[in-house]
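First comes the structure, then the notes that go with it.
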Amino acid sequence: MRNIGVIENGAVVIENETITWVGRMEELPTASMKEADILDCRDTVVMPGFVDSHTHLLFAGSREEEFAMRSEGATYQQIAERGGGIINTVTNVRSSSKKELKKNARHWMNAMMRQGTTAVEIKSGSAAKLKRR
């Protein structure tokens with residue numbers, strides 16, 4: 001996981017919406033590029049988009065503090081005893097309007113896209129079930 005496979009001075013060949021070659025510019029097979037459109041990406045990073053296959057996008061509040069607590073060794077039980085955990089999330093979702101949840105979802109989706117996420121599977125169960133109770 002530490003080696004992400006960076007190709008310095010890299011090139012990508014795409015034919016009919018399919019990546020057909022990836023490698024160093026010096027090794028680029030120029031014979032297949034007779035009428036190719038060239039997109040100069042110097043001084044940029046070209047990489048596949050991130051596919052987020054498990055996202056709970058409809059939520060309210062933040063659990064950042066809980067993440068820090070878990071990093072310091074706190075158990076989920078200890079976090080819950082301090083008012084955090086899933087009960088805190090449930091309370092925040094229940095007290096939010098549909099409009100607020102949609103606004104938050106739009107904000108986070110835009111942030112995800114800016115960071116390179118290209119596909120998202122959004123879990124609807126938790127927030128939807130919690131809101132109906």
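The values are calculated or read from the model by the stated rules, or taken from the named source; none is laboratory data. Since this is a predicted model, take the numbers as computed values, not measurements. Every residue, glycine as well, gets a Cβ built from its backbone with ideal geometry; the counts of neighbours run over all protein chains shown. Accessible surface is based on the protein model in full, side chains and every heavy atom, while ligands, DNA and RNA are left aside. Shrake-Rupley method; radii C 1.70, N 1.55, O 1.52, S 1.80 Å.
Looking only at strands (runs of 3 or more DSSP E) that fall completely inside region 1-66, which ones have 1 or more residues that are at pLDDT 85 or above and farther than 30 Å from Asn104 by Cα?
In region 1-66, the matching strands (runs of 3 or more DSSP E) lie at 10-15, 18-24.
Take the residues of region 35-60 that are surrounded by 15 or more Cβ atoms within 10 Å (Cβ to Cβ) and out of contact with any strand residue (DSSP E or B) (no Cβ under 9 Å at 6 or more places or on another chain): which is nearest to Ala119 (Cα to Cα)?
That would be Phe59.
Select from region 30-85 the residues that are at positive phi and β-branched (Val, Ile, Thr) and list them in ascending order.
Residues satisfying the conditions do not exist here.
Would you confirm, using the coordinates I've provided, whether Met69 is part of a helix (DSSP H, G or I), surrounded by 13 or more Cβ atoms within 10 Å (Cβ to Cβ) and touching a residue at least 60 places away in the same chain (Cβ under 8 Å)?
In short, no.
Kindly list, by first and then second residue, each pair from a residue in region 12-33 that is closer than 14 Å to Met47 by Cα to a residue that is of a type in the set (A, V, I, L, M, F, W, C) and open to solvent by 90 Å² or more (accessible area, probe 1.4 Å), limited to pairs with Cβ atoms under 8 Å and residues at least 6 apart or on different chains.
From region 12-33, the pairs are Val12/Ile19; Val12/Val46; Val13/Ile19.
If I go through region 99-121 residue by residue, how many of them are among the acidic types (Asp, Glu) and either open to solvent by less than 30 Å² (accessible area, probe 1.4 Å) or in a strand (DSSP E or B) (or both)?
The qualifying residues number 1.
Among the residues of region 75-98, write down those that are part of a loop (DSSP other than H, G, I, E, B) and among the charged types (D, E, K, R).
Arg82
Looking at this structure, is Val12 surrounded by 11 or more Cβ atoms within 10 Å (Cβ to Cβ) and either closer than 30 Å to Ile79 by Cβ or among the hydrophobic types (A, V, I, L, M, F, W, C) (or both)?
Considered against the rule, which asks whether it is surrounded by 11 or more Cβ atoms within 10 Å (Cβ to Cβ) and either closer than 30 Å to Ile79 by Cβ or among the hydrophobic types (A, V, I, L, M, F, W, C) (or both), Val12 comes out as yes.
Exactly one of these conditions fails for Arg94: (1) open to solvent by 100 Å² or more (accessible area, probe 1.4 Å); (2) touching a Gly at 6+ places or on another chain (Cβ under 6 Å). Give me its number.
(2)
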